[in-house]
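The values are calculated or read from the model by the stated rules, or taken from the named source; none is laboratory data. Bear in mind that the values here come from a model prediction, so they are computed numbers and not experimental data. In this analysis, Cβ positions are derived from the backbone assuming ideal geometry, glycine residues included, and neighbour counts consider all displayed protein chains.
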Amino acid sequence: MAKLGANLKSGQAIFTEPAMPIKCAGAPQKILYLWTDAWRQKKLPIDVDFFKTIGVMFGVPKYSQALTGVASEYGINVTFKHPLVKVNGN
């Protein structure tokens with residue numbers, strides 16, 4: 001993932017999370033925010049999409065609300081209740 005993210009200069013980045021339960025529910029979002037921030041700092045034209053398997057950003061309402069704001073601030077397109085299983089692309 002590190003090489004893919006570092007080499008991306010423009011286009012679209014798609015992130016998802018595995019179906020619950022997982023060991024660390026925040027891990028898929030950590031990498032999402034780290035890469036989005038890195039691309040933003042470099043002013044790269046990258047559209048970021050995040051596909052969630054559940055209907056909220058996080059299972060704890062207090063954190064879910066905060067993370068919804070973070071995603072919005074970064075301009076991340078979030079799709080809820082969509083277990084991504086396949087990406088068709090070039």
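Among the helices (runs of 4 or more DSSP H) contained in the range 1-77, which hold 1 or more residues that are more than 17 Å from residue 87 (Cα to Cα) and in contact (Cβ under 8 Å) with a residue 40 or more places away in the chain?
On the way: elements: 2-7, 27-41, 61-74.
Those helices (runs of 4 or more DSSP H) span 27-41, 61-74.
If residue 22 passes every condition in (1) at pLDDT 85 or above; (2) closer than 17 Å to residue 55 by Cβ but one, which one does it miss?
Only one criterion in (1) at pLDDT 85 or above; (2) closer than 17 Å to residue 55 by Cβ is unmet by residue 22, namely (1).
Looking at this structure, is residue 84 in contact with a Ser or Thr (Cβ under 8 Å, 6 or more places away or on another chain) and either touching a residue at least 12 places away in the same chain (Cβ under 8 Å) or loosely packed, with under 13 Cβ neighbours inside 10 Å (or both)? It would help to see each step written out before you state the result.
Numbers: in contact with a Ser or Thr (Cβ under 8 Å, 6 or more places away or on another chain): yes; either touching a residue at least 12 places away in the same chain (Cβ under 8 Å) or loosely packed, with under 13 Cβ neighbours inside 10 Å (or both): yes.
Judged against the criteria, residue 84 is a match.
Any residue at all in the range 65-81 that's surrounded by fewer than 13 Cβ atoms within 10 Å (Cβ to Cβ), under 14 Å from the mean Cα position of the chain (by Cα), closer than 18 Å to residue 18 by Cβ and not basic (Lys, Arg)?
yes
Might you check whether a residue that is touching a strand residue (DSSP E or B) at 6+ places or on another chain (Cβ under 6 Å), among the polar types (S, T, N, Q) and within 25 Å of residue 56 (Cα to Cα) occurs anywhere in the range 18-32?
Narrowing the range 18-32 to residues touching a strand residue (DSSP E or B) at 6+ places or on another chain (Cβ under 6 Å): 32.
Narrowing further to those that are among the polar types (S, T, N, Q): none.
The answer is no; no qualifying residue exists.
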